[in-house]
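The values are calculated or read from the model by the stated rules, or taken from the named source; none is laboratory data. Treat the numbers as computed from the prediction; the structure is a model and nothing was measured. Cβ sites come from the backbone with ideal geometry, for glycine too, and all protein chains shown count toward neighbours. Remember, those area values only see protein heavy atoms, side chains included, never the ligands or the DNA or RNA. Shrake-Rupley method; radii C 1.70, N 1.55, O 1.52, S 1.80 Å.
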Amino acid sequence: FKTCPGRVLCKVPCSGEKEVDLAVQSAKAAFKIWSQMSGMERCRVMLEAARIIREQRDEIATMETINNGKSILEARVDIDVSWQCLEYYAGLAGSLAGEHIQLPGGSFGYTRREPLGVCVGIGAWNYPFQIACWKSGPALACGNAMVFKPSPFTPISVVRLAEIFTEAGVPKGLFNVVQGGAATGQLLCQHPDVAKISFTGSVPTGMKIMEMAAKGIKPVTLELGGKSPLIIFSDADLENAVKGALMANFLTQGEVCCNGTRVFVERKILDTFTKEVVKRTQKIKIGDPLLEDTRMGALINRPHLNRVQGFIKQAKEQGAQVLCGGDLYVPDDPKLKNGYYMRPCVLGNCKDDMTCVKEEIFGPVMAILPFDTEEEVLERANATKFGLAGGVFTRDIQKAHRVVAALKAGMCFINNYNASPVELPFGGYKFSGFGRENGRAAIEYYSQLKTVCVEMGDVECVF
């Protein structure tokens, strides 16, 4: 692999009705085998898949960097999170159980936790390999099969995951990959043999998937967009708060759904905080994402780059001030001249009603907004249709817990941001979706409970 921005890496045929049906039927056949295996048997296979990913970490990370454009440093973290996810759910696979309930007269009941069947995973282009592991980990641990459709912008690395699962010993067809865009996704959602859909992506697409799933009474997990607030109080450790703001805005070129792009700063420290954030932002090294010292790679494609630039232009027209960045970046290396690079942008003089503050930009653009009181900032922070994440920086731990309790968001951070260990559930409120990835909570969304009532005496009959 070599970096080749702006050029075609490969051509992938889209899966039509025939291919989708073959993938689902293959997964259905594999499900019959996998679902009858014990949790410990599934555990061993998943641990082997995790081992392969861990051993091939650098190779897969390089593939992911070329697949997506993020820095190799970040890609390695993504791959580490991926194998950790499979290890975590391998550990849970052998412990999945129902419960026994004693009833009067020696009768009793019990519950069984059973798999759903063939699950569909539809991934986004910002974390292609990691999202596939986040969805397949709990699905396979519970005994399900999965048909996964990656974004058409990042089709490559998930195919490697399918190969790894096969090498690890899953039944043939248990984890299938189909390629394509909206039409392929629609075929998957409407297939009568699909039991559940898990989607990561935009709100409009999530609405369409929910509508299609409703017609088949299929459960869905939706992890959608966000416009998350990051609240910096004047008593925060300034250095740590600045680092948190950078992590909340510029990971993966800002293409992260839970990013804290509305940075509310207590007025007492507004100037000091802003000056330090701008200084640090201007030092971010942009360029070839395969170089070890690169900290920001290229955006996903030209249309998206143009969209992000359009938001910045509109922000200036509405009165925001570009404190740094926002312009296109052309690396010195001639082989990178066609890459989709831009300098990370910090916007000042922002108001709550500006488009750049209300709408998800999904690029390296931070909006700084001053506030005066805790009550005020909470009202403003919650005044959004989204509810994916939120963060607070303060030395006052009581205030920190009070603020996150009041935030209407599914994932909250105290004195850190964008830390997503696989042990903790991840998901949103409101338009940011429902259901949870990761943690024990995900087991609830990839399994179903069966209740059995056992009568030890004669049936009480009223007839």
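Report the equivalent ellipsoid semi-axes for the range 314-371 in whole Å, largest first, defined as the square roots of five times the eigenvalues of the gyration tensor built from alpha carbon atoms. Write down the numbers at each step before the final one.
Values: eigenvalues 143, 22, 15 Å².
In descending order, the three semi-axes are 27, 11, 9 Å.
I need the per residue convex hull volume for the range 1-126, using only the alpha carbons, in cubic angstrom as a whole number. Provide the component values of the computation, followed by the final result.
Details: hull volume 20.1 nm³, N = 126.
Spread over its residues, the Cα hull of the range 1-126 gives 159 Å³ apiece.
Keeping all protein chains in place, calculate the accessible area per residue for the chain (probe 1.4 angstrom), answer in Å².
Numbers: 20180 Å² over 463 residues.
Per residue, the chain has 44 Å² of solvent-accessible surface.
What spacing in nm lies between the two simple spin-label points modelled at His401 and Asp237, each 7 Å away from Cα in the Cβ direction?
My value for the distance between the label points is 2.0 nm.
Report the semi-axes of the equivalent ellipsoid for the range 25-97 in whole Å, largest first, where each axis is √(5λ) for an eigenvalue λ of the Cα gyration tensor. Spell out each step's value before the answer.
Details: eigenvalues 162, 44, 17 Å².
Each semi-axis is √(5λ); the values are 28, 15, 9 Å.
Going toward the positive end of the dipole of the chain, with +1 on Lys and Arg Cβ and -1 on Asp and Glu Cβ, which of Ala214, Gln190, Leu407 do you reach last?
Gln190
Leaving out ligands, DNA and RNA, what percent of the accessible area of the chain is carbon and sulfur, probe 1.4 Å?
Numbers: 10930 of 20180 Å².
Ligands and nucleic acids excluded, carbon and sulfur reach 54 percent.
Rounded to the nearest 5, what is the percent of antiparallel bridges among the DSSP beta bridges in the range 179-332?
On the way: 0 of 9 bridges.
Restricted to the range 179-332, the bridges split so that about 0 percent are antiparallel.
Determine, at each q value in 0.15, 0.26 (inverse angstroms), the log₁₀ of I(q)/I(0) that the Debye formula gives when each Cα of the range 401-463 is one equal point scatterer.
Computed log10 I(q)/I(0) values: -0.62, -1.19.
Let me check against my output: what whole-number percent is the relative contact order of the range 179-290, with C-alpha pairs under 8 Å and at least 6 apart?
Values: 106 pairs, mean separation 25.0, N = 112.
RCO, the range 179-290: 22 percent.
Once the Cβ-Cβ distance between Ser107 and Asp293 is put in as r, and R0 is 56 Å, what FRET efficiency do you end up with, to the nearest 0.05?
Numbers: r = 69 Å, r/R0 = 1.22.
My answer for the efficiency is 0.25.
Quick check on my link table: of Lys279/Lys313; Lys358/Lys385; Lys28/Lys135; Lys70/Lys335, which ones sit more than 19 Å apart, alpha carbon to alpha carbon? The partial results should precede the final answer.
Values: Lys279/Lys313 22 Å; Lys358/Lys385 9 Å; Lys28/Lys135 17 Å; Lys70/Lys335 17 Å.
Beyond 19 Å between Cα atoms: Lys279/Lys313.
Thr355 versus Ser202, label points 7 Å from Cα toward the beta carbon: distance in nm?
Once both label points are built, they end up 1.5 nm from each other.
Any idea how many Lys pairs in the range 162-276 come in under 29 angstrom at the alpha carbon, given 8 or more places apart or on separate chains?
Lysine pair count for the range 162-276: 14.
If the only charges are +1 at each Lys and Arg Cβ and -1 at each Asp and Glu Cβ, what is the size of the charge dipole of the range 17-225 around the Cα centre, to the nearest 20 debye?
On the way: 20 positive and 20 negative charges, 91 e Å.
Rounded to the nearest 20 debye, it is 440 debye.
In debye, nearest 20: dipole of the range 60-117 around its Cα centre with unit charges on the Cβ of K, R (+) and D, E (-)? Working shown, then result.
Details: 4 positive and 7 negative charges, 34 e Å.
The dipole of the range 60-117 has a size of about 160 debye.
Provide the convex hull volume over Cα atoms per residue for the range 217-370, in Å³.
Here the figure is 147 Å³ per residue.
In whole Å, what are the Cα extents of the range 178-252 along the three principal axes, biggest one first?
Result, largest extent first: 55, 24, 18 Å.
Tell me what the chain gives for mean residue ellipticity at 222 nm when only DSSP H runs of n ≥ 4 count, each as -39,500 (n - 2.57), the sum divided by the residue total, rounded to 500 deg cm²/dmol. Before the final figure, lay out the partial values.
Values: 15 runs with 186 residues, N = 463.
One gets -12500 deg cm²/dmol as the mean residue ellipticity at 222 nm.
Assuming R0 = 51 Å, can you tell me the calculated FRET efficiency for the pair Lys285 and Asp21, based on Cβ-Cβ distance, to the nearest 0.05? Provide the component values of the computation, followed by the final result.
Values: r = 48 Å, r/R0 = 0.93.
With R0 = 51 Å, the Cβ-Cβ based efficiency is 0.60.
In what sequence, highest mean first, do 306-319, 181-194 appear when ranked by Cβ atoms within 10 angstrom? Intermediate values should be presented prior to the final figure.
On the way: 306-319: 15.6, 181-194: 17.4.
Top to bottom by mean Cβ count within 10 Å: 181-194, 306-319.
Among the DSSP beta bridges whose two residues both lie in the chain, what percent are antiparallel, rounded to the nearest 5?
The antiparallel fraction comes to roughly 35 percent.
Report, in debye and to the nearest 20, how large the dipole of the chain comes out about its Cα centre when Lys and Arg carry +1 and Asp and Glu carry -1 on their Cβ. Kindly include the intermediate steps, with their values, before the conclusion.
Working: 53 positive and 50 negative charges, 204 e Å.
With only Lys, Arg, Asp and Glu charged at Cβ, the dipole is about 980 debye.
Just to be sure I follow: if Rg is taken over the C-alpha atoms of the chain and Rh is the Kirkwood radius over the same atoms, what is Rg/Rh? Mind dumping the intermediate values first?
Values: Rg = 23.6 Å, Rh = 23.3 Å.
Rg divided by Rh gives 1.01.
Take the Cβ-Cβ distance between His100 and Ile217 as r, set R0 to 25 Å, and report the resulting FRET efficiency rounded to the nearest 0.05.
Values: r = 30 Å, r/R0 = 1.19.
In this case the efficiency is close to 0.25.
Quick one: P(r) of the range 321-463 from all Cα-Cα pairs, 10 Å bins, percents rounded to integers, in order of increasing distance.
Taking all Cα pairs of the range 321-463, the binned fractions are 9, 25, 26, 17, 10, 5, 4, 2, 1 percent.
Taking Rh as the Kirkwood radius, which is the inverse of the mean 1/r over Cα pairs, what is the Rg/Rh value for the range 17-225? List each step's numbers first, then the result.
Details: Rg = 17.6 Å, Rh = 17.5 Å.
That ratio is 1.00, to two decimals.
Put a dot 7 Å past each Cα toward the Cβ at Cys461 and Arg54; how far apart are the dots in nm?
For the pair Arg54/Cys461, the computed spacing is 6.0 nm.
What share of the DSSP beta bridges in the range 17-225 is antiparallel, in percent to the nearest 5? The partial results should precede the final answer.
Working: 3 of 20 bridges.
About 15 percent, rounded to the nearest 5.
So what's the range 333-400 giving for Cα Rg divided by 2.2 N^0.38 Å, two decimals? All intermediate terms of the calculation are to be shown ahead of the outcome.
Working: Rg = 16.4 Å, N = 68, 2.2 N^0.38 = 10.9 Å.
Dividing the Cα Rg of the range 333-400 by 2.2 N^0.38 Å gives 1.50.
Using alpha carbon centroids, what distance separates the range 400-448 and the range 118-194, in Å?
What the calculation gives is 23 Å, centre to centre.
Give the distance, in whole Å, between the Cα centre of the range 206-282 and the Cα centre of the range 307-352.
The two parts, judged by their Cα centres, are 17 Å apart.
Have a look at Gln56, Ile101, Asn67 and report the one farthest towards the positive end of the charge dipole of the chain, computed about the Cα centre with Cβ charges (Lys/Arg +1, Asp/Glu -1).
The one lying farthest along the dipole's positive direction is Asn67.
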